[in-house]
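Peer 1: My questions will all concern the structure given below.
The values are calculated or read from the model by the stated rules, or taken from the named source; none is laboratory data. As the structure is a prediction and not an experimental result, all values here were calculated from the model. Ideal geometry is used to build each Cβ from the backbone, glycine not excepted, and the neighbour counts take in all protein chains shown. Quick note on the areas: whole protein, heavy atoms, side chains included, nothing else; ligands and nucleic acids left out. Shrake-Rupley method; radii C 1.70, N 1.55, O 1.52, S 1.80 Å.
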Amino acid sequence: MASHAEEVAAGAVWTPCGYRSETAALRSVLLVRPPDSVGAVRRPGASLMVGPVDLPAMRAQCDALADRLRDDEVEVHLAAPEASPNVVFARDLFWMTPAGAVLARMASAQRAGEERHAALALAGAGFPILRTVSGTAVFEGADALWIDPSTVVVGTGFRTNAAGAAAVASAVAELGARVVTVPLAPGVQHLLGTVVFLGPSTAVVHRAACPPELAALLAAYGYRVIPLPPDEELLVRRGMNLLVLAPERVLMPAGCPGIRRTLERAGVAVDEIDVGAYLRAAGGIGCVTGVVRREH
């Protein structure tokens with residue numbers, strides 16, 4: 001009898017999903033159309049936002065992102081739940097393996113319960129839920145990244161704890177992979193805010209937030225590292241909060257010419273899109289895009 005992972009890959013029982021590379025060609029994503037609750041926010045700070053958000057503008061940018069991805073032959077699953085405002089940041093709500101999704105358990109009270117909307121959207125599209133993080137564990141999808149096809153780096157901090165990392169380790173152990181944990185620097189929300197893998201041996205890092213454990217790991221795996229300074233383009237315009245479309249080809253927020261030049265000088269092909277409304281909500285393209293499938 002075929003294994004569960006083999007059934008998922010075959011596509012007869014489940015919809016194929018997952019990946020073992022952060023940089024393989026993107027094939028399927030989950031986006032969440034901004035709900036009415038975004039426009040109802042009166043105290044942005046209490047909703048984890050940096051300022052008031054223009055809901056029509058955010059919806060227009062969501063549609064533009066979906067169209068841009070479809071132009072690149074990426075399948076877009078667009079969920080439209082009536083939920084709390086931060087549900088738009090789908091990358092946090094799950095992390096996908098070749099056998100199915102590890103469903104997050106959100107650490108912040110403002111985001112508790114958003115996971116069930118991701119579960120409904122994923123299950124409705126035929127993707128299996130492999131694990132649901134529970135107990136005292138907390139885990140958010142932006143804290144897990146494949147550094148190679150058999151190793152997942154999990155960043156631990158105030159969004160993902162040791163028990164959450166252990167839940168991820170349990171899920172990937174069945175796939176013959178292992179987890180290596182690295183502590184995130186104080187104030188850093190997610191691993192994805194510290195490092196983004198751009199190609200099989202290239203990574204960009206937030207220089208001031210990269211802990212020595214992560215720097216040593218990147219060196220051990222032979223990565224060429226592109227360091228970015230903690231300037232306005234990185235911290236305010238979120239220029240590193242980008243989406244890898246294929247090896248060394250990315251979609252990044254508009255308005256970050258310095259980061260764009262740095263990436264292009266390193267041989268990375270760059271395209272841009274306006275996500276200004278999402279920036280007001282304290283997120284960027286990488287946060288918005290729940291990665292469902294990349295080429296194996």
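Peer 1: Among the numbered criteria (1) crowded, with 22+ Cβ neighbours inside 10 Å; (2) at pLDDT below 95, which single criterion is violated by His4?
Peer 2: Of everything listed in (1) crowded, with 22+ Cβ neighbours inside 10 Å; (2) at pLDDT below 95, His4 misses just condition (1).
Peer 1: Here's another thing I want to ask about it. Which condition number does Arg280 fail, the rest of (1) without any contact (Cβ under 8 Å) to a residue 60 or more places away in the chain; (2) among the charged types (D, E, K, R); (3) open to solvent by 60 Å² or more (accessible area, probe 1.4 Å); (4) closer than 30 Å to Arg42 by Cα being met?
Peer 2: Just one mismatch for Arg280, condition (1).
Peer 1: Since Ala101 meets every condition but one in (1) touching an Asp or Glu at 6+ places or on another chain (Cβ under 8 Å); (2) within 18 Å of Ala118 (Cα to Cα), which condition does it not meet?
Peer 2: Condition not satisfied by Ala101: (1).
Peer 1: Moving on. From (1) of a type outside the set (A, V, I, L, M, F, W, C); (2) in contact (Cβ under 8 Å) with a residue 24 or more places away in the chain; (3) closer than 24 Å to Val138 by Cα, pick out the condition that doesn't hold for Gly199.
Peer 2: Gly199 satisfies every listed condition except (3).
Peer 1: Go through the stretch 29-67 residue by residue and tally those that are within 25 Å of Ala246 (Cα to Cα) and buried (at least 17 other Cβ atoms within 10 Å of the Cβ).
Peer 2: Of the residues in the stretch 29-67, 8 are within 25 Å of Ala246 (Cα to Cα) and buried (at least 17 other Cβ atoms within 10 Å of the Cβ).
Peer 1: Ala254 fails exactly one of the following numbered conditions: (1) of a type outside the set (Val, Ile, Thr); (2) under 14 Å from Gly286 (Cα atoms); (3) exposed (fewer than 15 other Cβ atoms within 10 Å of the Cβ); (4) out of contact with any Asp or Glu (no Cβ under 6 Å at 6 or more places or on another chain). What is the number of that condition?
Peer 2: (4)
Peer 1: Follow-up. Restricted to the stretch 118-141, and to residues that are aliphatic (A, V, I, L, M) and in a loop (DSSP other than H, G, I, E, B), which residue is surrounded by the fewest Cβ atoms within 10 Å (Cβ to Cβ)? Please lay out each step first, then the result.
Peer 2: Narrowing the stretch 118-141 to residues aliphatic (A, V, I, L, M): 118-123, 125, 129-130, 133, 137-138.
Still in the running and in a loop (DSSP other than H, G, I, E, B): 125, 133, 137-138.
Details: Ala125: 16, Val133: 23, Ala137: 18, Val138: 21.
Filtering first and then ranking leaves Ala125.
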